[in-house]
Amino acid sequence: QDGILPVFYHTTLDWYQESFQEDFEGYLEYLRRSVEVLCTQYGEIGGLWFDGNWSKPDADWKEDELYGMIR
């Protein structure tokens, strides 16, 4: 492995997930669970890179909760 750790890209938006438009709080839980799988099921990782919050610029994405779960 030579000490190289993967860094995962994860979009925060998901237009195909119904809750993204209809139940944003539920969507955020779905997003946290998805990221939790990456953090716990794939071994040691070097980091995560997120993109997509621009899709709902006025929304509370609850990033503190997401980053808290990652840590």
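Here is the figure for the range 23-57: residues that are on the phi > 0 side of the Ramachandran plot and surrounded by 13 or more Cβ atoms within 10 Å (Cβ to Cβ) total 1. Looking at the chain, the helices (runs of 4 or more DSSP H) lying wholly inside it that each contain 3 or more residues that are of a type in the set (A, V, I, L, M, F, W, C) and without any contact (Cβ under 8 Å) to a residue 60 or more places away in the chain sit at 24-41, 63-70.
Bear in mind that the values in this text are calculations on the coordinates, not laboratory data. It should be emphasised that the depicted structure is a prediction, and the values quoted were computed from it without experimental measurement. Cβ: placed from backbone, ideal geometry, glycine included. Neighbour counts: every protein chain shown.
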